[in-house]
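The values are calculated or read from the model by the stated rules, or taken from the named source; none is laboratory data. Bear in mind the structure is a predicted one, so any value in this text is a computation, not a measurement. Cβ placement follows ideal geometry from the backbone for every residue including glycine, while neighbour counts extend to all protein chains displayed. Accessible surface areas use protein heavy atoms only, side chains included; no ligands, DNA or RNA. Shrake-Rupley method; radii C 1.70, N 1.55, O 1.52, S 1.80 Å.
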Amino acid sequence: MTHATIETRVLLDGLVMVESPRWHQGRLWFPHWGTPEIIAVGLEGNAEVMAKGRSGLGQSVGWLPDGRMLATGDELTRYEADGSRVLHADLSHISKYLWSEMTIDGRGNIYVNSIGFDFFKEMVDRVRDPSRSPTGVIALVTPNGNARRVAGEIAFPNGMVITPDNKTLIISESFTGKLLAFDIAGDGSLSGRRVWAEGIAPDGICLDADGAIWTSTWKNECVRIAPGGKILDRIQLDRACFATMLGGPDRRTLFMMANEFLGPDKFDQMLAKRTGRVLVANAPAPGAGWP
């Protein structure tokens with residue numbers, strides 16, 4: 001483990017809930033969960049509402065190679081130049097439940113996942129009974145618009161990253177505390193499922209040029225881990241780290257999306273407290289891959 005202390009500072013504070021950050025066009029973009037806002041903020045802390053989408057929890061954003069923004073939710077939608085939202089791809093034949101995390105690789109392939117159950121009706125019971133069959137899926141939407149399932153039986157799929165060579169997808173399996181890796185074929189299919197690391201509490205993740213991943217633990221920590229699970233760096237926070245992103249001019253700025261977590265049955269109280277905070281720190285290695 002690196003012995004040097006990594007200092008953090010607050011970039012934004014007092015937000016409802018922050019998640020799913022993306023570095024795009026010189027700013028950090030993220031959906032402001034609990035509101036319909038999609039916010040962009042610069043390194044100096046100036047924030048701006050860039051678009052509005054669904055209000056609630058679970059959505060993420062990404063960009064097509066032509067620059068148009070996508071957003072997840074009940075459907076995968078696309079923002080047109082005039083600000084209107086249209087259906088980008090029909091995923092209803094894959095899952096009828098909410099689509100959450102999304103990553104777009106260097107070839108324009110869109111990977112999007114669903115937990116495969118009704119979060120507000122079933123989450124508490126599933127946390128209490130982890131033996132229930134996993135229902136999470138990953139869907140692939142190719143540049144020509146075709147959509148198909150490429151992985152399943154994932155116990156609460158969460159954040160995803162893709163390596164710079166477009167050959168490996170790594171995903172958080174939150175219910176098991178594992179990161180899973182898949183090989184990516186030329187047509188975007190996934191195979192070779194394996195455990196990349198375990199014994200953590202992964203949510204939103206990001207990859208660096210050393211091949212390490214920034215993720216979280218149950219101890220309100222943001223950690224940088226190597227393949228196999230060795231912790232290389234550790235940042236102690238005063239609230240849970242829900243997602244990470246590497247950005248900035250050289251992709252060496254680590255963004256941490258932190259919120260006070262009160263439990264899976266207390267999201268209304270959690271949102272009302274407005275504990276969402278965006279933290280930044282200098283990272284030991286620059287970001288790599290996607291997002």
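Evaluating 6.51 cos²θ - 1.76 cosθ + 1.60 at θ = phi - 60° for every residue in segment 76-91, the Karplus couplings come out as 8, 10, 10, 8, 8, 4, 8, x, 6, 10, 10, 5, 8, 8, 7, 10 Hz, glycine and proline recorded as x.
Accessible surface of segment 44-107, 1.4 Å probe: 46 percent of it comes from carbon and sulfur atoms. By the Cβ distance rule of under 4.7 Å, the chain has these cysteines without a partner: Cys206. Ranking Phe182, Ile205, Leu232 by Cα position along the charge dipole of segment 178-252, where only Lys, Arg, Asp and Glu carry charges on their C-beta atoms, puts Leu232 farthest toward the positive end.
Give me the net charge of Ala272's neighbourhood, meaning all other residues with Cβ under 12 Å from the Cβ of Ala272; Lys, Arg count +1, Asp, Glu -1. Kindly include the intermediate steps, with their values, before the conclusion.
Working: positive: Lys266, Lys273, Arg274; negative: Glu260, Asp268.
Spelling it out: positives minus negatives among the neighbours equals +1.
For segment 36-168, the Cβ-based charge dipole about the Cα centre amounts to some 360 debye (Lys, Arg positive; Asp, Glu negative; other atoms uncharged). In this structure, the amide hydrogen of Trp63, modeled 1.01 Å from its nitrogen in the peptide plane, lies closer than 5 angstrom to those of Leu70, counting only residues at least 5 positions away or on a different chain.
Positive end of the dipole of the chain (Cβ unit charges, origin at the Cα centre): among Ile154, Ser114, Trp33, the Cα lying farthest that way belongs to Ile154.
Could you rank the peptides 41-52, 220-231 by their average count of other C-beta atoms within 10 Å per residue, with the highest value first?
220-231, 41-52
Here the Karplus curve 6.51 cos²θ - 1.76 cosθ + 1.60, taken at θ = phi - 60°, turns the phi angles of segment 267-279 into couplings of 5, 4, 5, 4, 5, 5, 6, 6, 9, x, 9, 9, 10 Hz, with x standing for Gly and Pro. According to the square roots a ≥ b ≥ c of the eigenvalues of the Cα gyration tensor, what is the shape class of segment 17-134, taking rounded for a/c under 1.5, prolate for a/b larger than b/c otherwise, and oblate for the remainder? Prolate, since a/c reaches 1.5 and a/b exceeds b/c. Relative contact order of the chain, taken over Cα pairs closer than 8 Å and 6 or more residues apart, is 18 percent. Its Cα centre serving as origin, the chain has a Cβ charge dipole (Lys and Arg +1, Asp and Glu -1) of approximately 200 debye.
Beyond 32 Å in Cα-Cα separation lie the following of the pairs Lys167/Lys273; Lys96/Lys266; Lys96/Lys230; Lys230/Lys273; Lys121/Lys273; Lys178/Lys266: Lys167/Lys273; Lys96/Lys230; Lys230/Lys273. Here the label points at Ser131 and Asp165, each 7 Å from Cα along the C-beta direction, are separated by 4.2 nm in the simple model. Remark on Val150: its backbone amide H falls under 5 Å from those of Ile138, Ala139, Leu140, a criterion applied only to residues 5 or more positions apart or on other chains, H modelled at 1.01 Å from N.
Rolling a 1.4 Å probe across the protein heavy atoms gives the chain an accessible surface of 42 Å² per residue. Tell me the carbon and sulfur percent of the accessible area for segment 150-291, rounded to whole percent, probe radius 1.4 Å. The nonpolar share, carbon plus sulfur, comes to 49 percent.
So how do 191-200, 241-250 stack up, highest first, on mean other-Cβ count within 10 Å? If you can, show how the numbers build up before the last one.
Numbers: 191-200: 14.8, 241-250: 21.5.
Sorting 191-200, 241-250 by mean packing, highest first, produces 241-250, 191-200.
By its C-alpha gyration tensor, with a ≥ b ≥ c as the square roots of the eigenvalues, how is the chain shaped: rounded for a/c under 1.5, else prolate for a/b larger than b/c, else oblate? Rounded, because the longest to shortest axis ratio a/c is under 1.5.
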